[in-house]
Amino acid sequence: MTYTILTVKAGEESKSLESCGYLWGELSNLKMDRNGLLINLGGGMITDLGGFVASTFKRGIDFMNIPTSLLAMTDAAIGGKCGIDFLQFKNQIGLFRTACLTVVFPDFLETLNEVEKKSGLAESIKHALIIDVDFFHEINDKLRNSNILYKEIIRKSIELKTAIVTEDPLEQHQRKKLNFGHTIGHALESYFLEQKSTIPHGFAVAAGMVCESYISMKLGLLQEEDFESIVQLTQPLYALPLVEVDSINNVVKYIANDKKNINQKHQFTLLNGIGDALINQKVSEELIVESLTYYCNSQ
Ligand SMILES: NC(=O)c1ccc[n+]([C@@H]2O[C@H](COP(=O)([O-])OP(=O)(O)OC[C@H]3O[C@@H](n4cnc5c(N)ncnc54)[C@H](O)[C@@H]3O)[C@@H](O)[C@H]2O)c1
């Protein structure tokens with residue numbers, strides 16, 4: 001058995017068609033056959049990119065994920081979504097294909113910086129908000145006591161996400177709950193990507209969760225005090241570069257291209273209280289703008 005190490009530059013910019021071209025080229029030069037295995041060692045950028053490259057090379061070779069960031073351990077490496085960004089749109093090209101094996105070694109977190117740890121925690125907060133109110137209180141308590149035990153959080157997040165994706169692997173129904181925070185979060189990420197100022201994925205998701213919780217509250221689905229507790233948990237942790245109120249329309253334009261839209265209508269996942277979520281919710285553009293205005297003014 002032989003192996004070769006291939007590397008791509010760190011950063012979301014590498015989740016691109018250009019990187020795919022480089023990797024497909026190298027696999028071809030190596031004469032990788034369909035019994036080959038691609039091992040994706042890295043954060044969510046690598047597991048998304050590597051999964052996509054492996055799934056499309058010679059109509060699909062096996063791949064294995066060894067996630068090294070908190071976000072990849074709790075979310076990106078689990079559940080079989082692979083893909084790349086295209087034309088400034090996040091995850092525009094991709095497919096569903098599960099890794100033949102995912103191995104999580106929390107010890108990799110020893111070298112991960114605090115910003116990236118916070119970024120990863122955002123997806124666990126999302127899992128708690130959409131499925132498990134007790135997990136939400138647990139995260140709150142741990143943060144209050146500065147007692148974050150990542151192993152426990154990783155285990156719980158994997159358990160919650162796996163239950164959903166096993167039931168609905170192709171995102172026809174319940175899996176859509178996992179998109180909470182991501183409709184506006186991805187629009188913010190695309191907006192910053194266009195400005196060549198990338199932000200950690202979890203920070204964009206956290207901002208998206210505040211906006212989409214605001215929408216849930218305004219539609220009478222989430223109590224005001226629950227909204228406040230979400231804001232109190234997330235605002236101190238996740239500060240984004242300032243989005244000027246004048247730029248909100250530039251963020252909203254990305255929502256028009258969201259993959260989840262049907263007949264060009266936005267499909268939101270909203271909170272129905274903490275620990276429960278509703279999928280396929282229609283939201284007016286005015287309310288989306290209002291939520292972003294709230295977010296920008298509260299930064
Ligand atoms: N497929 C899915 O279901 C899914 C879910 C959530 C997010 N994602 C995708 O995941 C990506 C975000 O993942 P991410 O936050 O891991 O980003 P990332 O892969 O870009 O990693 C963030 C940074 O941490 C560094 N890093 C990773 N592991 C490290 C370690 N052990 N020590 C030191 N540095 C380390 C990376 O080099 C990079 O600089 C986005 O592209 C997002 O769209 C996919």
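Just so you know, all these numbers are worked out from the coordinates, no wet-lab data involved. Keep in mind the model is a prediction, meaning the values are calculated, not measured. Cβ sites come from the backbone with ideal geometry, for glycine too, and all protein chains shown count toward neighbours.
Using the beta-carbon distance between residue 145 and residue 22 and R0 = 41 Å, what value does 1/(1 + (r/R0)^6) give for FRET efficiency, to the nearest 0.05? It would help to have the intermediate numbers written out before the result.
Numbers: r = 46 Å, r/R0 = 1.11.
Using R0 = 41 Å, I get an efficiency of 0.35.
Could you give me the radius of gyration and the Dmax of segment 23-116, taking only the C-alpha atoms into account and expressing both in angstrom?
Every Cα atom of segment 23-116 included, Rg and Dmax give 13.4, 40 Å.
Could you give the nm distance between label points at residue 33 and residue 298, where each point is 7 Å from its Cα heading toward the beta carbon?
With each label point 7 Å from Cα toward Cβ, the separation is 5.8 nm.
Normalising by the residue count of the chain, find the relative contact order in percent from Cα pairs under 8 Å and 6+ residues apart. Could the numbers behind the result be given before it?
On the way: 486 pairs, mean separation 45.3, N = 299.
Reported as a whole number, the value is 15 percent.
Using the alpha carbon gyration tensor of the chain, what are the three equivalent-ellipsoid semi-axes (square root of 5 times each eigenvalue), largest first, in whole Å? The partial results should precede the final answer.
On the way: eigenvalues 197, 92, 63 Å².
The three semi-axes for the chain are 31, 21, 18 Å.
Considering amide H positions built from the backbone, and no H for Pro or chain starts, which residues 5 or more places from residue 41, or on another chain, come under 5 Å of its amide H?
66
Work out how much length residue 110 to residue 198 would gain on full extension: take 0.36 nm times their residue separation and subtract the Cα-Cα distance, in nm to one decimal. Provide the component values of the computation, followed by the final result.
Numbers: separation 88, 0.36 × 88 = 31.68 nm, distance 2.34 nm.
Working it through step by step, the gained length comes to 29.3 nm.
Using the per-residue mean of other Cβ atoms lying within 10 Å as a proxy for protection, in what order, highest first, do the peptides 180-193, 126-139 fall? Mind dumping the intermediate values first?
On the way: 180-193: 25.6, 126-139: 21.1.
The peptides rank, most packed first, as 180-193, 126-139.
How much length, in nm to one decimal, is gained on full extension between residue 286 and residue 6, taken as 0.36 nm per residue of separation minus their Cα-Cα distance? Display every interim value, and only then the final one.
Values: separation 280, 0.36 × 280 = 100.80 nm, distance 4.67 nm.
Contour length minus the Cα-Cα distance gives 96.1 nm.
Under 17 Å from a label point 7 Å along Cα→Cβ of residue 237: give me every residue in segment 205-224 with its amide N that close.
205-214
Work out the charge dipole of the chain with +1 on the Cβ of Lys and Arg and -1 on the Cβ of Asp and Glu about the Cα centre, then indicate which of 65, 254, 133 is farthest towards its positive end.
Looking along the dipole axis, the top candidate is 65.
With 10 angstrom as the radius, rank 69, 216 by how many other C-beta atoms surround their C-beta, starting from the fewest.
Numbers: 69 27, 216 30.
By the 10 Å Cβ count, ascending, the order reads 69, 216.
Under 12 Å from a label point 7 Å along Cα→Cβ of residue 86: give me every residue in segment 4-27 with its amide N that close.
Hits in segment 4-27 for residue 86 at 12 Å: 16-18.
Please give me, ordered by residue number, the trypsin sites (Lys or Arg not before Pro) of segment 1-105 that lie in loop per DSSP and have at most 16 other Cβ atoms within 10 Å.
Listed in order of number, the matching sites are 9, 31, 34.
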